[in-house]
Amino acid sequence: DAGVIQSPRHEVTEMGQEVTLRCKPISGHDYLFWYRQTMMRGLELLIYFNNNVPIDDSGMPEDRFSAKMPNASFSTLKIQPSEPRDSAVYFCASSLGRDGYTFGSGTRLTVV
Amino acid sequence: GNSVTQMEGPVTLSEEAFLTINCTYTATGYPSLFWYVQYPGEGLQLLLKATKADDKGSNKGFEATYRKETTSFHLEKGSVQVSDSAVYFCALRYRQGAQKLVFGQGTRLTINP
């Protein structure tokens, strides 16, 4: 298996623009997680899905953030409009049941 | 609430030194405990885990023992290598069946040759 695939690896955008981050989980995994990592706040769980259904989005910072999982093999995290304080590394992870997570390599987002 | 506190970094050691990275937790019930490692430019990888008190997780020469009496899960390695340089995260899953992992702030480890 190729692992959890995230795209793009790097994204630089201007403030106010829409940003879409993509994730392909490991085939057969039933949980998908979106995390944000910054120096100041460490790793923060934004939202997670079980069988494509959002279970807990309490970590989504604002209405500017939205996440979807239209099928078992694809998820997106969208920020609209983006702001400089959204600059971070965004990780997607997937798991099967209660096994440990498998993380993707992350998307480094810079909003200027 | 449920939380994880890790030893502040950065930690710098010489090759072949003994490593300890402290981790303590606060949780209701009986959490499962994990150590993850993040190499530069990569995502986190599961290093080891323990699901109940007195369990010892081990992998790649690293060990950690789940100590309920001290609410700790310290990471140890007897002889570190330059390739062990990374950021290490302690985490807990706060109850059986829960999916959310709560991570510590991470400890950056640098090993000098």
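Read-outs throughout are calculated quantities, based only on the coordinates presented, and are distinct from any laboratory measurement. Keep in mind that what you see is a predicted model, and the values were worked out from it rather than measured. Cβ placement follows ideal geometry from the backbone for every residue including glycine, while neighbour counts extend to all protein chains displayed.
On the beta carbon distance between A:Gln80 and B:Thr20, with R0 = 35 Å, the FRET formula returns roughly 0.20.
Residues whose amide H lies under 5 Å from that of A:Leu96, counting only those 5 or more places away or on a different chain, are A:Asp30; hydrogens are built 1.01 Å from N in the peptide plane.
As an equivalent ellipsoid, chain B spans semi-axes of 24, 14, 12 angstrom, where each value is the square root of five times an eigenvalue of the C-alpha gyration tensor, largest first.
So, R0 is 41 Å and r is the distance between the beta-carbons of A:Thr20 and B:Val82; what FRET efficiency does that work out to, to 0.05? FRET efficiency, A:Thr20 to B:Val82: 0.60. Once divided by 2.2 N^0.38 Å, the Cα radius of gyration of the protein assembly as shown becomes 1.02.
Using every pair of distinct Cα positions in chain A, the Kirkwood expression returns a hydrodynamic radius of 13.9 angstrom.
Using only side-chain charges placed at the Cβ, +1 for Lys and Arg and -1 for Asp and Glu, the dipole size of chain A relative to its Cα centre rounds to 220 debye.
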